[in-house]
Amino acid sequence: MQITVIDSIAAVPADQWDALAPLSGARPLDPFTTHRFLHALEASGSVGGRSGWQPQHLLARDAEGRLVGAAPFYVKSHSQGEYIFDHAFADAWARAGGRYYPKLQSAVPFTPATGRRFLGAERARGPLMQAMQRAAAQNGLSSAHVTFCTGEEARAGAEAGFLHRVTQQYHWQDAGYGDFEGFLASLSSRKRKAIRKERATAQAFGGTIRLLTGDDLRPEHWDAFWVFYQDTGSRKWGRPYLTRGFFDAVQDSMRDDTLLILAERDGRPVAGALNFIGAETLYGRYWGCVEDHPCLHFELCYYQAIDWALAHGLRRVEAGAQGEHKLARGYLPVPVHSLHWFSDARFMRAVADYLEAEGAAVRDEMRLLEDFAPFRKDRHRSGSGCP
C-alpha cells in the first residue's frame, strides 16, 4: 500500500474520490466527505491560505496504482472549527514547555457531523492511520487527531494505537412515526402540548416559511442567508468560518444536497436554517436571523427538519453540536467518537487517564439525560447506545 499526500482535493479526479465514499442508493451517506463539498471549502478560500486549515489529504494506492483509500487531512495551526475541542490538551502541552501547534487532523472543517473519515477499502484504513502517526512523529509535531469518525473506525483506531474519546450530541431518530403527528403521539401529554404551542407561536410571526432545495434555490436566497450566517458567526465564534464564495459553490454544485428553510415576512427573508441532505440523515448546520420572533429558531431548525425528514424517508436529524434544550424536542443524547495520538508517550498516558474518566462521566450523563426525555413511558427508547 502506497500512501501519498495532496495539498488540494482538486489533485484527484472527483469520480475517483467519490467512488470511495459509502453510498445508499444514489446518494452518499453524508455529503461532507464528497469531492464537491471539500472542493467548495478549498475553492472558496474557507480552508487553505491563512485559515489555519491546510489541506494535506492522504491517498492510498494498491500495488497496481489503483486508488483504494483516502482520508481528508489537514495541518491545523489552532483548534477552531472542530467541535470536539482539545484546548485542555493544548494548554497542558504548553505548560509542559512544548509547542502544540501545528497539529494534524482528519476531519471535515467546521462540520460536527459523524461520518467515515477513512474512505474506501477497509484494508487501506490501517496504513492511513499509521501514516497519520508517522507524519506527526517524523515532522516533530505534537499530535494527530481524527474527529467525528464512526464507532467502527474508533474501535479500529484504538487497536492501532490511538486514544478513543467519547463525547455526545443530540439527534432525532425516526421510530416509525409516519408523520409529525405520529411523532407527537409518542410524547408525554405535557411535552406534546408544549411543542404544539411553540409551533403555533413560531408560525404566527407574520409571514410564511419556505423549504427550498435543488433548482428552487436561487443566488438571492444565498445573499439573504449570508447575512444570517455572518450575524450568528460573529456572535458565536468571533468571525464566520465560511466565506461568501462557499455558498456560491454550494449553489453551483450542491443544490441537490441542500435544504434551505427560510422565514419570509413582507416578501423579505428574516430568518433561515441551512441543512445538508444525506442518504439517511438530514444535517442541520447553520441558523441566523435579522428579526427576533419567539420560537422561530425551534420551528426552522428542529420541527421543520423533522417534518421534512419524515416526508422524505430519512431516519435521523442531526442538529449540530451541543444544546440540552434539544432534549425536550425529541432529540436524544448519542455518543460521538474521536481518536487522538500524541508523540510524547508520557503525555499519551496522561491523556488516556483523563479520557477514561471523561468517558465514564459522559456515559453517566447520557443515561441521566434520558430520564428527562419527552417520550411517554411506554414509548421511551434509548438513543445513546450506551451499555
Go through (1) of a type outside the set (D, E, K, R); (2) over 18 Å from the mean Cα position of the chain (by Cα); (3) closer than 25 Å to Ala10 by Cβ; (4) crowded, with 21+ Cβ neighbours inside 10 Å for Phe162 and report which single condition fails. (3)
Is at least one residue of the range 222-230 at positive phi, surrounded by fewer than 18 Cβ atoms within 10 Å (Cβ to Cβ) and over 20 Å from the mean Cα position of the chain (by Cα)? no
Consider Phe276 carefully, then state whether it is aromatic (Phe, Trp, Tyr), surrounded by 15 or more Cβ atoms within 10 Å (Cβ to Cβ) and more than 19 Å from Pro112 (Cβ to Cβ). no
Among the residues of the range 46-62, is there at least one that is in a loop (DSSP other than H, G, I, E, B) and within 25 Å of Ile277 (Cβ to Cβ)? yes
Identify the single condition in (1) of a type in the set (D, E, K, R); (2) touching a residue at least 24 places away in the same chain (Cβ under 8 Å); (3) not in a loop (DSSP other than H, G, I, E, B) that Asp91 does not satisfy, given that it satisfies every other one. (2)
Give just the number: which of (1) part of a loop (DSSP other than H, G, I, E, B); (2) surrounded by fewer than 18 Cβ atoms within 10 Å (Cβ to Cβ); (3) without any contact (Cβ under 8 Å) to a residue 40 or more places away in the chain does Asp15 not satisfy? (1)
With within 23 Å of Leu29 (Cβ to Cβ), in contact (Cβ under 8 Å) with a residue 24 or more places away in the chain and outside any loop (DSSP other than H, G, I, E, B) as the only criterion, which of Thr147, Thr201, Thr232 stands out? Thr147
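Looking only at strands (runs of 3 or more DSSP E) that lie completely in the range 264-354, which have at least 2 residues being assigned by TED's automatic domain parsing to the domain that holds Phe89?
332-342
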Leu20: passes all of (1) under 19 Å from Glu153 (Cβ atoms); (2) part of a strand (DSSP E or B); (3) not charged (D, E, K, R) but (2)
Cβ-Cβ under 6 Å, sequence separation 6+ or interchain: first residue in the range 356-374 and in contact (Cβ under 8 Å) with a residue 60 or more places away in the chain and not assigned by TED's automatic domain parsing to the domain that holds Glu324, partner loosely packed, with under 15 Cβ neighbours inside 10 Å and assigned to a helix (DSSP H, G or I). Which pairs? none
Just to verify a result, which residue in the range 204-228, among those that are in contact with a helix residue (DSSP H, G or I) (Cβ under 8 Å, 6 or more places away or on another chain) and assigned to a helix (DSSP H, G or I), is farthest from Gln304 (Cα to Cα)? Pro219
So for the range 78-86 (the condition being of a type outside the set (A, V, I, L, M, F, W, C) and at positive phi), does at least one residue qualify? yes
Does Gly151 satisfy being buried (at least 24 other Cβ atoms within 10 Å of the Cβ) and either closer than 27 Å to Thr243 by Cα or not β-branched (Val, Ile, Thr) (or both)? no
Residues of the range 251-263 that turn out to be in a strand (DSSP E or B) and polar (S, T, N, Q), as a count: 1
Condition test on Leu300, is it touching a helix residue (DSSP H, G or I) at 6+ places or on another chain (Cβ under 7 Å), of a type in the set (A, V, I, L, M, F, W, C) and either within 27 Å of Arg117 (Cα to Cα) or surrounded by 16 or more Cβ atoms within 10 Å (Cβ to Cβ) (or both)? no
Residues of the range 23-45 being assigned to a loop (DSSP other than H, G, I, E, B) and in contact (Cβ under 8 Å) with a residue 12 or more places away in the chain, in sequence order, are Gly25, Leu29, Asp30, Thr34, Ser44, Gly45
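To keep it simple, each residue is scored yes or no on (1) crowded, with 21+ Cβ neighbours inside 10 Å; (2) of a type in the set (A, V, I, L, M).
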| site | (1), (2) |
| --- | --- |
| Trp53 | yes, no |
| Ala70 | yes, yes |
| Ser79 | no, no |
| Tyr101 | no, no |
| Met129 | yes, yes |
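Residue by residue, here is whether (1) closer than 23 Å to Arg235 by Cβ; (2) among the basic types (Lys, Arg); (3) at pLDDT 95 or above holds:
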{"residue": "Leu260", "(1), (2), (3)": "yes, no, yes"}
{"residue": "Ala273", "(1), (2), (3)": "yes, no, yes"}
{"residue": "Tyr283", "(1), (2), (3)": "yes, no, yes"}
{"residue": "Phe298", "(1), (2), (3)": "yes, no, yes"}
{"residue": "Ala305", "(1), (2), (3)": "yes, no, yes"}
{"residue": "Trp308", "(1), (2), (3)": "no, no, yes"}
{"residue": "Ala319", "(1), (2), (3)": "yes, no, no"}
{"residue": "Lys326", "(1), (2), (3)": "yes, yes, no"}
{"residue": "Val336", "(1), (2), (3)": "no, no, yes"}
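The values are calculated or read from the model by the stated rules, or taken from the named source; none is laboratory data. Since the model is a prediction, treat every value here as computed from it, not as a measurement. Cβ sites come from the backbone with ideal geometry, for glycine too, and all protein chains shown count toward neighbours.
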